[in-house]
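Chemist: Below is a structure I'd like to ask you about.
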Amino acid sequence: MTIVTGIRQKMNAWWLRRHRGRLGVDLQGSTVRVVHTRPLSQGGVELVSFGSIEIDPFHADDISLSVFRQFLARQAGKSRIVALGLEHESLRIRRMDLPPMPDADFREALRWNFREHVDCPPEAYHVDALPLPGLPPNGVKPVLAFGVAEAAIRERVELVERWNFKLGWLEPAATAIMQVFSTNDLLAHDRTMACLVLDETTALLTVMRDSALLFSRPLVIGNLTSLAQLVLQEGGTAATSPGALVKRWLSEKESLNVDARPVMERFMSELVVDIERSLNAFSLQYGTESINDIFVCGAALASPGLLEHIHSSLGTPVSMIDPFAKITLATPVMDDPQERSRYTVAMGLSLL
């Protein structure tokens, strides 16, 4: 037994020396955020590097693509494994209660249940599922089902190949968020936690409890794209991207001829209504109305008074998440907590 244990320890040490970590890559409209982490021999995770670059990777020309490859190479070092975020209009995440059945039949049942919610043939839809805790009295199997068009997967595989990297993981933001909560010890047995991702193109509500991802649903409003549309409706001037437009508007309101107060009031009011609608859907599925804490991350945190408005409207404690909180830092991170929060999804992807 001592010999076997010694061999195992040596193999683990060799694996850790060889394991150079992976890159978590979060695509957000015109911005790509990257986090590189690696496991430590004594346990835990070390931050190797992180950064962001302004580029639309799906429509980059040869010069932009070359600059992007250089950026990734600097972040990656010797690592060539990418965990890529999968946010796509065809992505659906739903709870399903299914009876026990063979795996092939189970996947067909998932596709059948998704059929009314997607715009492609069922056979062109990729499905998977995570088990949910507990067993209903009727003996069916509760799962959180994931589905996305196969075309979206192929597009991202080809995208990573153009970067000269290997795709190791392709995951929705919801599972990346779950990983950040787990690594940062934010999950508790008796508390139900919600996370709002309000970034440039993503607005997402995710609910977790214990070690289980229970619910994830996109929001109609809450990202910078929706805020930029409101600014434009009020007479604002178009910019190269929603993020650029909102940044200009927040820093130089007079130059866009748009009064901040009514636009922000409308944005935050509609956002809270959308959050309440999604939380009601969660409550109906799980028979509970208790959300103990809400954490928020993303570029929309730059909106003045956003956290306070969500808290006062919902009556639930609201905090900004720091994805670097429990990570060993081999490189310093920025002091701005809003900017750190924008790396939540990329961090979670790197930890998968």
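Chemist: Suppose the chain between S66 and E54 were pulled fully straight at 0.36 nm per residue; how much longer would it get relative to their current alpha carbon spacing?
Modeler: Numbers: separation 12, 0.36 × 12 = 4.32 nm, distance 1.33 nm.
Full-extension gain reported as 3.0 nm.
Chemist: Now a separate question. Considering amide H positions built from the backbone, and no H for Pro or chain starts, which residues 5 or more places from D210, or on another chain, come under 5 Å of its amide H?
Modeler: Here A188, R191 satisfy the definition.
Chemist: Packing-wise, with mean Cβ within 10 Å as the measure, how do 143-152, 264-273 rank, highest first? Please list the in-between numbers first.
Modeler: Numbers: 143-152: 19.6, 264-273: 17.5.
Order by mean packing, descending: 143-152, 264-273.
Chemist: Ordered by residue, what ³J(HN,Hα) values in Hz, to whole numbers, does the range 322-339 give under the Karplus form 6.51 cos²θ - 1.76 cosθ + 1.60, where θ = phi - 60° and Gly and Pro are x?
Modeler: Using θ = phi - 60°, the values come out as 10, x, 8, 4, 10, 9, 5, 9, 8, 9, x, 10, 5, 7, 5, x, 5, 5 Hz.
Chemist: Further question on the same structure: In whole Å, how far is the Cα centre of the range 282-352 from that of the range 107-174?
Modeler: 25 Å
Chemist: For the range 61-74, in order, what is each residue's ³J(HN,Hα) by Karplus, 6.51 cos²θ - 1.76 cosθ + 1.60 with θ = phi - 60°, in whole Hz (x at glycine and Pro)?
Modeler: 7, 4, 5, 5, 5, 5, 5, 5, 4, 5, 4, 5, 4, 5
Chemist: From the phi angles alone, apply the Karplus equation (6.51, -1.76, 1.60; θ = phi - 60°) to the range 100-109 and give each ³J(HN,Hα) in whole Hz, x where the residue is Gly or Pro.
Modeler: For the range 100-109, the Karplus curve yields x, 6, x, 4, 4, 5, 4, 5, 5, 5 Hz.
Chemist: Non-local amide H neighbours of T37 (under 5 Å, H modeled in plane, Pro and chain starts lacking H): which ones?
Modeler: Counting only residues 5 or more places away or on other chains, the set is R22, G24, V48.
Chemist: How would you rank 224-231, 85-92, highest first, on the average number of other Cβ atoms within 10 Å across their residues? Mind dumping the intermediate values first?
Modeler: On the way: 224-231: 22.5, 85-92: 19.1.
Listed from highest to lowest mean packing, they are 224-231, 85-92.
Chemist: Amide H to amide H under 5 Å from S30: which residues, 5+ apart in sequence or cross-chain, H placed 1.01 Å off N in plane?
Modeler: For S30, whose amide H was placed from the backbone, there are no distant partners under 5 Å.
Chemist: In addition: Let me know the charge dipole size of the range 91-150 about its Cα centre in debye, to the nearest 20, where only the beta-carbon of Lys, Arg (+1) and Asp, Glu (-1) is charged. Could the numbers behind the result be given before it?
Modeler: Values: 7 positive and 9 negative charges, 51 e Å.
Roughly 240 debye for the range 91-150.
Chemist: Right, here's the next one. Going by average Cβ neighbours within 10 Å, how do the peptides 279-285, 211-217 rank, with the highest at the top? Mind showing how you got there, number by number?
Modeler: Values: 279-285: 15.1, 211-217: 20.4.
Per-residue Cβ counts within 10 Å, averaged per peptide and sorted highest first, yield 211-217, 279-285.
Chemist: Shifting gears a bit: So which aspartates and glutamates pass the test for K141, namely a Cα distance under 20 Å, with those fewer than 8 places away in the same chain ruled out?
Modeler: Straight-distance partners of K141: D97, D103, D105, E108, D128, D210.
Chemist: In nanometres, what is the gap between the two model label sites at L40 and N292, each 7 Å from Cα along Cα-to-Cβ?
Modeler: 2.7 nm
Throughout, read-outs are computed from the coordinates displayed, never taken from laboratory work. These numbers were taken from a predicted model, which means no experiment stands behind them. Note that each Cβ is placed from the backbone with ideal geometry, even for glycine, and that neighbours are counted across all protein chains shown.
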